[in-house]
Amino acid sequence: MAADDGHSRQVVEELLAAYVTAIDDGDLERWPEFFTADCVYRIVPRENDSLNLPLAVMSCNSQAALTDRIAAYRKANLFAPHAYRHMLGPVRVTGEDKLEIGARTNYAVFRTALDPIDYGTSEVFSVGEYRDRIVIVDGLARFREKTVVVDTCKIHTLLATPL
Amino acid sequence: MSLQANGQTNRTLPSGDLGWNTPGVASVPYKFFYDQEVYEVEQRRLFRGPVWNYIVLESEIPNPGDFKANFVGDTPIVVSRGRDGAIHAFVNRCAHRGALVCREMRGNSTTHVCIYHQWSYDLEGNLIGVPFRRGLEGKGGYAAGFETAHHGLQKLRTACYAGLVFATFGAQTPPLVDYLGDVARSWIDRTLNRPVRALGYSRQLIDANWKLYAENVRDPYHGSLLHLFNATFGIARVSQQGGLSMDPSGGHNVIYARKRTQEQETRAYSQEKIRSYQKTFSLADPSLLQGKPDPLIDTTTTIQTIFPVLVIQQIANSLAVRQIVPKGPSRMELVSTFFTYADDDQATVNTRLKQANLAGPAGYISMEDGYAIELVQQAIVHAGDEESFIELGGTERPLEDDLVSESPIRGFWHRYRGLMTEEQ
């Protein structure tokens, strides 16, 4: 991947656009497909990140663990019905070499309630930053590592749908 | 006991008005979960009364000058490590005109200075500096009788047990070891058997009264019915191979579970034909549950509650303390501090971090709790005089070796009702 031609940024933008569309459409079975088999996905409160404390509120150390998250989401976990809408800021490519692109991207997620009490109410559910390491596998961009640093560390009720 | 030493009234809940309509603790009027007056009586009689409120882990503030902001009930406080190494706590409200003094969540400082008029306090909350105390050029200032010793921050008593720090407003609160009692201490000694350090925090804002959560963590009935993760993935479930432990006051409870076989599990669910049992899926990444037991811990799960706001969690190798913070009658915050033993190797730390997926706001077997108690809060509107039904396993609060019981919840209400209605 050549530097400075904007190609890397475009690769990241396209991957992120597809990624958030899958989540916002509720197409969560596709979520693991955006990652490599040996991926690391973590949702880390900014509080912990700033204190150099390692705790994540959700962490998956493999694509299989992402699959488990979705299986539990569909079969086991219970939560108020809701929908997400992601908004992304500009992608900043922070590093790249022949093998990997590093990027930081601000995000905001609005959560809209679909339960009978709060139906149709949207809230700013989570704001923060994606810190991504992206590789090309069989010609397709995939997250090798995705760390979601969550400014909104006080999570409203629960976090079931991935960010 | 009397709260009059604090200049506070000794008002109790008038029976038949704010109080229960019935004797006993096997039903609770729903108004107790949203009534503003009940909430304010709680703040005074309970949180600022003769109880020990968990506020911090000792290891979070190891050095002199370290401080952390927190709450007792919903009163903002600061917990601070003094020059002498002792832990102090004081209300975070300037003795001058009432402004919040400490404006950071945590840090290290040699003094705490209110920015409004720069009254400054030492690490114990004593007033040490007042600008223009003698006025300017002989004019103004405070009267000659003004003494800084009379204008310190309001102090709370603190006490530590097994690395846990507690604070109390009550002058008559018994010593912490007696307040905890033998039963609760024996379980704390087991989970906090050596020094710990924090791995990080998770925070949840839940639109429900704090007592609904206090009930939830004392409710052994809901585990296998509400949380379907273990049953769905064929992981040994808690429903029978476990037990309860309760201190004589009723307020401190333990719900624990030990492993049982998959065969027992399947049979139990099939017999009951309950929704929780499904033909098993299996985890694609089973490493989630491949920890090794701590030598001193023989349970798969232990949820210990210390009245009123502390929960000590052991779920497999995931360890945490949770603090319940009331935020008005219909809202609460849950702050979890996940920890590891200070002498754990990195592999063990990694296991604890991975198994943190089981608990917290995204926890495989905990995310439903906040949701379930919000469902209660949403539905009890205008039902203040109606009552919950807490008679599983009887109407008293005996110790039972059976998880099909609500006796720990009745224990909580016994302790609560005593504090809210008895002479203090």
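The values are calculated or read from the model by the stated rules, or taken from the named source; none is laboratory data. Remember, it's a predicted structure, so these values are computed and weren't measured experimentally. A quick note on method: Cβ atoms are made from the backbone with ideal geometry, for glycine too, and the neighbour counts reach across all protein chains shown. The accessibility values were calculated without ligands, DNA or RNA, using every heavy atom of the protein model including side chains. Shrake-Rupley method; radii C 1.70, N 1.55, O 1.52, S 1.80 Å.
If I ask for residues that are within 9 Å of another protein chain (Cβ to nearest Cβ) and assigned to a helix (DSSP H, G or I), which ones from the stretch B:364-378 would you list?
Selection gives B:MET367, B:GLU368, B:ASP369, B:GLY370, B:TYR371, B:ALA372, B:GLU374, B:LEU375, B:GLN378.
Tally the residues that are closer than 23 Å to B:TRP52 by Cα and either open to solvent by 30 Å² or more (accessible area, probe 1.4 Å) or touching an Asp or Glu at 6+ places or on another chain (Cβ under 9 Å) (or both), restricting the search to the stretch B:101-122.
2
For A:PHE110, work out the one condition from (1) within 14 Å of chain B (Cβ to nearest Cβ); (2) in a strand (DSSP E or B) it doesn't fulfil.
It fails just one condition, (1).
Regarding B:ALA198, is this residue surrounded by 24 or more Cβ atoms within 10 Å (Cβ to Cβ), out of contact with any Pro (no Cβ under 6 Å at 6 or more places or on another chain), within 26 Å of A:ALA56 (Cα to Cα) and at pLDDT 90 or above?
Taking the combined requirement at face value, the residue does not satisfy it.
Identify all residues within the stretch B:325-338 that are among the aliphatic types (A, V, I, L, M) and surrounded by fewer than 24 Cβ atoms within 10 Å (Cβ to Cβ); write none if there are none.
B:VAL325, B:VAL335
Of all residues in the stretch B:248-286, how many are at pLDDT below 90, open to solvent by less than 30 Å² (accessible area, probe 1.4 Å) and over 27 Å from the mean Cα position of the chain (by Cα)?
5
Looking only at the stretch A:145-163, count how many residues are surrounded by fewer than 18 Cβ atoms within 10 Å (Cβ to Cβ) and in contact (Cβ under 8 Å) with a residue 60 or more places away in the chain.
1
Go through the stretch B:393-414 and report how many residues are open to solvent by less than 50 Å² (accessible area, probe 1.4 Å) and modelled with pLDDT of 90 or more. Walk me through how you get there before you give the answer.
The initial filter retains those residues of the stretch B:393-414 that are open to solvent by less than 50 Å² (accessible area, probe 1.4 Å), namely B:393-394, B:400, B:403, B:405-413.
So of that shortlist, the ones also modelled with pLDDT of 90 or more come out as B:406-413.
Number satisfying all stated conditions: 8.
Just give me the residues in the stretch B:48-93 being farther than 30 Å from B:GLU422 by Cα, open to solvent by less than 10 Å² (accessible area, probe 1.4 Å) and assigned to a loop (DSSP other than H, G, I, E, B), in sequence order.
Scanning the stretch B:48-93 gives B:ILE61, B:GLY65, B:GLY82.
All but one of (1) in a loop (DSSP other than H, G, I, E, B); (2) modelled with pLDDT of 85 or more; (3) surrounded by 15 or more Cβ atoms within 10 Å (Cβ to Cβ); (4) more than 11 Å from chain A (Cβ to nearest Cβ) hold for B:ARG237, so report the exception by its number.
If we test B:ARG237 against (1) in a loop (DSSP other than H, G, I, E, B); (2) modelled with pLDDT of 85 or more; (3) surrounded by 15 or more Cβ atoms within 10 Å (Cβ to Cβ); (4) more than 11 Å from chain A (Cβ to nearest Cβ), just (2) comes out false.
When you check A:ASN48 against the structure, is it in contact with a Leu (Cβ under 8 Å, 6 or more places away or on another chain), modelled with pLDDT of 95 or more, polar (S, T, N, Q) and in a loop (DSSP other than H, G, I, E, B), yes or no?
no
If we scan the stretch B:168-190, do we find a residue that is open to solvent by less than 10 Å² (accessible area, probe 1.4 Å), within 14 Å of another protein chain (Cβ to nearest Cβ) and either among the charged types (D, E, K, R) or touching a Lys or Arg at 6+ places or on another chain (Cβ under 8 Å) (or both)?
no
Run down A:ARG133, A:ARG74 and say which single residue is outside any helix (DSSP H, G or I), open to solvent by 10 Å² or more (accessible area, probe 1.4 Å), more than 7 Å from every other protein chain (Cβ to nearest Cβ) and modelled with pLDDT of 95 or more.
On the way: A:ARG74 fails: outside any helix (DSSP H, G or I).
When all the criteria are applied, what remains is A:ARG133.
Does at least one position in the stretch A:54-69 carry a residue that is outside any loop (DSSP other than H, G, I, E, B) and open to solvent by 60 Å² or more (accessible area, probe 1.4 Å)?
The answer is yes; a qualifying residue exists.
Would you mind finding the one in A:PRO32, A:PRO81 that is within 14 Å of chain B (Cβ to nearest Cβ) and crowded, with 20+ Cβ neighbours inside 10 Å?
Details: A:PRO81 fails: crowded, with 20+ Cβ neighbours inside 10 Å.
Testing whether each residue is within 14 Å of chain B (Cβ to nearest Cβ) and crowded, with 20+ Cβ neighbours inside 10 Å leaves just A:PRO32.
I'd like the residue in the stretch A:35-53 that is among the charged types (D, E, K, R) and more than 7 Å from every other protein chain (Cβ to nearest Cβ) and, out of all such residues, is most open to solvent (accessible area, probe 1.4 Å).
A:ARG46
Quick one: how many residues across the stretch B:287-312 are open to solvent by 70 Å² or more (accessible area, probe 1.4 Å) and either in a helix (DSSP H, G or I) or charged (D, E, K, R) (or both)? Before you say what the answer is, go through the steps one by one.
Looking only at the stretch B:287-312, we keep the residues that are open to solvent by 70 Å² or more (accessible area, probe 1.4 Å), and these are B:290, B:292-293, B:295-296, B:298.
Going one step further and asking which of them are either in a helix (DSSP H, G or I) or charged (D, E, K, R) (or both), we end up with B:292, B:298.
Qualifying residue count, the stretch B:287-312: 2.
Among the residues of the stretch B:342-363 satisfying the criterion of being in contact with a helix residue (DSSP H, G or I) (Cβ under 9 Å, 6 or more places away or on another chain), open to solvent by less than 10 Å² (accessible area, probe 1.4 Å) and part of a helix (DSSP H, G or I), which is nearest to the other protein chains (Cβ to nearest Cβ)?
Result: B:ASN357.
I need the full set of residues from the stretch B:36-47 which are in contact with a Leu (Cβ under 7 Å, 6 or more places away or on another chain) and open to solvent by 40 Å² or more (accessible area, probe 1.4 Å), in order please. Talk me through it step by step, then tell me what you get.
Our first condition is that a residue be in contact with a Leu (Cβ under 7 Å, 6 or more places away or on another chain); within the stretch B:36-47, this holds for B:37-38, B:41, B:45-46.
The one that is in contact with a Leu (Cβ under 7 Å, 6 or more places away or on another chain) and open to solvent by 40 Å² or more (accessible area, probe 1.4 Å): B:GLU37.
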